[in-house]
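*Asks:* So that we are looking at the same thing, I have put the structure below in structure tokens.
The values are calculated or read from the model by the stated rules, or taken from the named source; none is laboratory data. This one's a predicted model, so the numbers in the text were calculated from it and none came from an experiment. Positions of Cβ are generated from backbone atoms using ideal geometry, with glycine treated the same way; all protein chains shown enter the neighbour counts.
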Amino acid sequence: MKWPLLACLLLPGILVYFGLHIVRRGVIFVDLALAQVATLGTAWCLMRGHDVHDLHTYLWSIGFTLAGALIFTLTRSREHHRVPQEALIGIVYVVAAAAGLLLLSRTSEGNEELKRMLIGDVLTVSWPEIWQTFLFYAAIGATYFVFRRQFLAITFDPARAQADGLSIRWWDFLFYALFGLVVVSFVQIGGVLLVFSYLIVPAVCANFLAVRLGSLLVIGWGVATLAGVGGLIASYQLDLPTGAAIVCALGAALVIVAVVAHFRRA
């Protein structure tokens, strides 16, 4: 269990940061949509006879993800409220999921691949995968640190950012593109459901308890770490699917934090 444990300690860190942005933007299901679009690229390659671990398949998944990032960038508008962006995100998710099912139905192992993409297989993760993914995440994290003022501005105060002359569409596309690359990498290890849980649940827990960005990050990382380790222990002791156990542990952590936040307000 040491490699799955290391993956759950090292890899979700950047997802918590992204989660704070996603929750503040109010586009909660954008990660599910991007993950499903990436999965559609994988399904396309599987239908054409490529292996799921081929570099060719990975590049196609990235290409599909960047296309999804462009769609979400162009559909973000603060002027037209009759069609919220969340509705368009839901449409992209449903269409990508249906198209993926159609493509996987043409492969001999479609059902097994669909299950793997949804819940992943953390137990099979290897040290080279963890090391390469961690270095990749560190590079993306460094990019966000260098341009943190622009990314924070377009998320937390877009009106001020536009008044200051920032190109909202360009920085928005860069945000979604880098976010999509992280999602593609993590989906290969943990599956769509685990990505969504690590992204949203710690961020929501943090927003229940804090306001300042530093405190939000610390709380989010703490919740992700404790729930990840707790899910792994439960999986090992009770012989449960690892990804599902971690997702349920994150759900339990959310309930506990919500109760604590309620009594604090009281």
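*Asks:* May I ask you to say which residue of 172, 164, 157 is more than 19 Å from the chain's Cα centre (by Cα) and either touching a residue at least 40 places away in the same chain (Cβ under 8 Å) or farther than 23 Å from residue 89 by Cβ (or both)?
*Replies:* Result of the check over 172, 164, 157: 164.
*Asks:* Can you confirm whether segment 171-178 contains a residue that is at pLDDT 85 or above and of a type in the set (D, E, K, R)? If you could, list the steps in order and put the result at the bottom.
*Replies:* Step one: filter segment 171-178 for residues at pLDDT 85 or above, giving 171-178.
Then drop every residue that is not of a type in the set (D, E, K, R), which leaves 172.
Checked segment 171-178: at least one residue is at pLDDT 85 or above and of a type in the set (D, E, K, R).
*Asks:* I need the helices (runs of 4 or more DSSP H) fully contained in segment 5-108, keeping only those with at least 2 residues that are surrounded by 16 or more Cβ atoms within 10 Å (Cβ to Cβ) and over 18 Å from the mean Cα position of the chain (by Cα).
*Replies:* Values: elements: 13-25, 30-47, 55-75, 85-104.
So the answer is 30-47, 55-75, 85-104.
*Asks:* Scan segment 213-226 and tell me whether some residue there is at pLDDT below 90 and out of contact with any strand residue (DSSP E or B) (no Cβ under 6 Å at 6 or more places or on another chain).
*Replies:* Scanning segment 213-226 turns up at least one residue that is at pLDDT below 90 and out of contact with any strand residue (DSSP E or B) (no Cβ under 6 Å at 6 or more places or on another chain).
*Asks:* Answer yes if at least one residue in segment 141-155 is aliphatic (A, V, I, L, M) and under 19 Å from residue 12 (Cα atoms), and no otherwise. Step through it out loud before you land on a result.
*Replies:* Taking segment 141-155 as the starting set, the residues that turn out to be aliphatic (A, V, I, L, M) are 142, 146, 152-154.
Now narrow it down to the ones that are under 19 Å from residue 12 (Cα atoms): 142.
Scanning segment 141-155 turns up at least one residue that is aliphatic (A, V, I, L, M) and under 19 Å from residue 12 (Cα atoms).
*Asks:* Does residue 185 count as polar (S, T, N, Q), touching a residue at least 24 places away in the same chain (Cβ under 8 Å) and either surrounded by 17 or more Cβ atoms within 10 Å (Cβ to Cβ) or under 27 Å from residue 144 (Cα atoms) (or both)?
*Replies:* So residue 185 passes the test.
*Asks:* Here is a check on your reading of the model: is residue 229 in contact (Cβ under 8 Å) with a residue 60 or more places away in the chain and either over 18 Å from the mean Cα position of the chain (by Cα) or surrounded by 18 or more Cβ atoms within 10 Å (Cβ to Cβ) (or both)?
*Replies:* So residue 229 fits the description; yes.
*Asks:* Would you mind finding the one in 243, 230 that is closer than 20 Å to residue 8 by Cα and modelled with pLDDT of 90 or more?
*Replies:* Answer to the selection: 230.
*Asks:* Is there any pair with a first residue in segment 61-74 that is under 14 Å from residue 32 (Cα atoms) and a second that is outside any helix (DSSP H, G or I) whose Cβ atoms are under 8 Å apart and which are 6 or more apart or on different chains, and what are they?
*Replies:* 72/27
*Asks:* Further question on the same structure: Going through segment 209-266 one residue at a time, which ones are outside any helix (DSSP H, G or I) and under 19 Å from residue 19 (Cα atoms)? Write out each step before concluding.
*Replies:* Going residue by residue through segment 209-266, those that are outside any helix (DSSP H, G or I) are 210-212, 239-241, 266.
Hits for segment 209-266 are 210, 211, 212.
*Asks:* From (1) farther than 23 Å from residue 197 by Cβ; (2) surrounded by 12 or more Cβ atoms within 10 Å (Cβ to Cβ); (3) at pLDDT below 85, pick out the condition that doesn't hold for residue 122.
*Replies:* Answer for residue 122: the failing condition is (1).
*Asks:* With the requirement that a residue be of a type in the set (Asp, Glu) and assigned to a helix (DSSP H, G or I), what does segment 163-182 give you?
*Replies:* Filtering segment 163-182 for residues of a type in the set (Asp, Glu) gives 164, 172.
Answer for segment 163-182, where residues must be of a type in the set (Asp, Glu) and assigned to a helix (DSSP H, G or I): just 172.
*Asks:* Go over the candidates 155, 143 one by one and state the one that is closer than 18 Å to residue 62 by Cβ and in a helix (DSSP H, G or I).
*Replies:* 143
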